[in-house]
Amino acid sequence: MSDIGWKLVDWSVAGEGTLWLALTLLAYLGARWLQGKAKGNPLANPVLIAAAPLIALLVFTHTSYAEYSHGGWVLLWLLGPATVGLAVPLYLNFVEVKSALVPMIVALVVGSVTAVLSAVLIGYALGADIETIRSLAPKSVTTPIAMGIAKEIGGIPALTAAFVIITGGVGAICGSALFNLAGVTDRRARGFAMGVAAHGMGTARAFQVSLQAGTFSGVAMALNGIATALLLPLLWLLFAG
């Protein structure tokens, strides 16, 4: 009888997860439709548009993130293969990427350090507690890596995921305007900056602009993820200790 009870609970949890997964996919498809109607306007970012009604529904139904993640983990897992898939445009543009290797390394170091330090200093300035600051530090890294880093340094992975989405959304919406304001016209530089600062959402936006910008953004996102995953836990232990 006990075994039957556990099986019923498992089926109930699986069914609830499937419901939230279906709602997430429907919300995203609706957001993509709206983006098409807006002719690709960066303000019509499909991730942010889809997230808003889902968050409202979670709050209204008093559903916790843990309950939602029973279905949402599938999408989170798919971020890994999607990131690996960026190797295709890299292969197609390898010669061009290789020719810009030195300036990319310099930009990666400066961008990675700036992303982490700015997050930590802003957190301290606003009076955030140490756990929140640890969750905020890897905000410019793609979600799976950022959540792993947050767990490693004592942050809250779910909170980190929220910071990552906010960071990516701001970068995807404001990136092009900021580049125009700063007079940055090189698509390689614009793409690389988007990848370092705004990870996957910035890369998706860069691909909408051009294949060249998207390729450099994908390279930057991957390199920044590796660099931050290797260095941030070590630096945190060094300075926190």
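Quick rundown of the values:
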{"read-out": "Over the chain, relative contact order from alpha-carbon pairs under 8 Å, at least 6 apart, %", "value": "17 percent"}
{"read-out": "Listed residues 236, 77 arranged by accessible area, highest first, probe 1.4 Å", "value": "77, 236"}
{"read-out": "Full-stretch length increase - residue 106, residue 125 - with 0.36 nm per residue and alpha-carbon distance subtracted", "value": "4.0 nm"}
{"read-out": "Residue-averaged 222 nm ellipticity for the chain, from DSSP H runs of 4+ at -39500 (n - 2.57), nearest 500", "value": "-29000 deg cm²/dmol"}
{"read-out": "Degrees between helix 187-209 axis and first principal axis of the chain (Cα, 0 to 90, nearest 10)", "value": "10 degrees"}
{"read-out": "FRET efficiency for residue 182 and residue 158, using Cβ-Cβ distance with R0 set to 41 Å, rounded to 0.05", "value": "0.75"}
{"read-out": "Gap separating the Cα centres of segment 45-83 and segment 183-210, nearest whole Å", "value": "25 Å"}
{"read-out": "Estimated inter-spin distance, residue 235 and residue 33, nm [label 7 Å along Cα→Cβ]", "value": "4.4 nm"}
{"read-out": "Carbon plus sulfur fraction of accessible area for the chain, probe 1.4 Å, in percent", "value": "75 percent"}
{"read-out": "1.4 Å probe accessible area per residue over the chain, in Å²", "value": "57 Å²"}
{"read-out": "Sequence ranges 26-37, 130-141, 164-175, 214-225, ranked by mean other-Cβ count within 10 angstrom, highest first", "value": "214-225, 130-141, 164-175, 26-37"}
{"read-out": "Label selected from [x] 28, 24, 17; [y] 32, 23, 17; [z] 37, 21, 17, the criterion being semi-axes √(5λ) of the Cα gyration tensor in Å as computed here", "value": "[y]"}
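The values are calculated or read from the model by the stated rules, or taken from the named source; none is laboratory data. Since this is a predicted model, take the numbers as computed values, not measurements. Ideal geometry is used to build each Cβ from the backbone, glycine not excepted, and the neighbour counts take in all protein chains shown. Keep in mind that these areas ignore ligands, DNA and RNA; they rest on the heavy atoms of the full protein, side chains included. Shrake-Rupley method; radii C 1.70, N 1.55, O 1.52, S 1.80 Å.
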